[in-house]
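Shown next, in structure tokens, is the structure this report addresses.
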Amino acid sequence: MAENGARRIRLGMVGGGTGAFIGYVHRVASRIDGDYELVAGALSSRPEVARESGRNLGLAEDRIYTSYEDMARAEAARSDGIEAVSIVTPNHMHFGPARAFLEAGIHVICDKPITSTLDDARKLAEIQPRNGAKFLLTHNYTGYPLVRQAREMVESGALGKIRVIQAEYPQEWLTEPVEQSGNAPGAEWRTDPARSGAGGAIGDIGTHAYNLLRFVTGLKTEAVSADLTSFVPGRQLDDNVHIMLRFEGGAKGMLWASQVAVGNENGLQLRVYGDKGGLEWRQDNPNYMWFTEFGKPRQLLTRGGSIAVPPAAAMNVRIPSGHPEGYLEAFATLYSQFAAIIRGEGADYEALLPSLADGVEGMQFIVASVQSSRNDSQWTRLSDV
């Protein structure tokens, strides 16, 4: 049973076999609140790895699959078949499984970006899922309590009319050409256009920063002016991105994403400034957020602290203030709230969870930025791609 006494949802997984970082993260996230039980998987495109991975996870032999097509057909036909599936493959392998399981009436939890091409994202959005199957895109940073609080503070007018947004996501892990070593599979597919898509750093981490600023501010993006660079010789996709953004209503933004910023491990942060106040939040210290009202001293807001906490922020505070919650718990919040939706109890969560529409917009953002960069940073409207 789940922590709330509900029956556990039968979960399958596509990708995420032995040694896969993101597959492990999804499995842990699904277990934190006890909402899911992993019972089936097509854990690798290599049959021997799929079988070994399934056995390592304790799956029954007849529920270890070597293709997602077989898994979708077989599980849909079982009376005890999976109710939801996690897709944790490289980007180019998101569309096929997502389509197969939605058409089989199985809820889909998909890692970001939604697909490797905008055309595939739009095709996925046009699918009529069988039995009303739902879709979740795991932009996990939207699950942090203080990110939810920032969103509600913007909506309440605490910052006034938004003027300036700055988002950044610097890393250093691709400073050297590790993808050329043959020993870094995660780097290999992320720098390969055939598997990653048209964007490198912009698709891998830039979309996280973009989704975060859109989630918190609610502002609709009009156009981007982008400069995408591949600093490492021989690298086929961008490893550093500078983007200016224009939003409806007149606000302006800047987004920087880099995988060659030495000294940065995972430096996602967001700053939002209006005519009445400003907010500053960092993912590497996610239990604290600075809020400043114009003309007053800065306030340090803490997760679950003494400052009044809006309902959307409070609903996923698991432990008392002063005990840090982080990356895995934010991921788990998405899983737990999606479980409530699957059970028909999660109407309050619908607007908070990243959707198919968010995934399509994320791909529009990537394509518009790539086109802009190729045209000497010409302003490019998202609606034109």
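The values are calculated or read from the model by the stated rules, or taken from the named source; none is laboratory data. It should be emphasised that the depicted structure is a prediction, and the values quoted were computed from it without experimental measurement. Glycine also receives a Cβ, built like all others from the backbone with ideal geometry; neighbour counts cover every protein chain displayed. Surface areas here come from the heavy atoms of the whole protein model, side chains and all, with no ligands, DNA or RNA. Shrake-Rupley method; radii C 1.70, N 1.55, O 1.52, S 1.80 Å.
Suppose the filter is over 23 Å from residue 326 (Cα atoms) and surrounded by 18 or more Cβ atoms within 10 Å (Cβ to Cβ); does residue 237 pass it?
Spelling it out, residue 237 is indeed over 23 Å from residue 326 (Cα atoms) and surrounded by 18 or more Cβ atoms within 10 Å (Cβ to Cβ).
Answer yes if at least one residue in the stretch 247-254 is charged (D, E, K, R) and touching a helix residue (DSSP H, G or I) at 6+ places or on another chain (Cβ under 9 Å), and no otherwise. Checking the stretch 247-254: not a single residue is charged (D, E, K, R) and touching a helix residue (DSSP H, G or I) at 6+ places or on another chain (Cβ under 9 Å). Here residue 216 meets the list (1) closer than 23 Å to residue 375 by Cα; (2) open to solvent by less than 50 Å² (accessible area, probe 1.4 Å) almost entirely, failing just condition (1). Exactly one residue out of 69, 37 is modelled with pLDDT of 95 or more and either in contact with a strand residue (DSSP E or B) (Cβ under 6 Å, 6 or more places away or on another chain) or within 24 Å of residue 139 (Cα to Cα) (or both): that is 37. Scanning the stretch 288-304 for residues that are modelled with pLDDT of 95 or more, of a type outside the set (Phe, Trp, Tyr) and not in a strand (DSSP E or B) gives 295, 296, 297, 298.
Provide a single number: the residues in the stretch 59-102 that are of a type in the set (Asp, Glu) and touching a Pro at 6+ places or on another chain (Cβ under 7 Å). The qualifying residues number 0.
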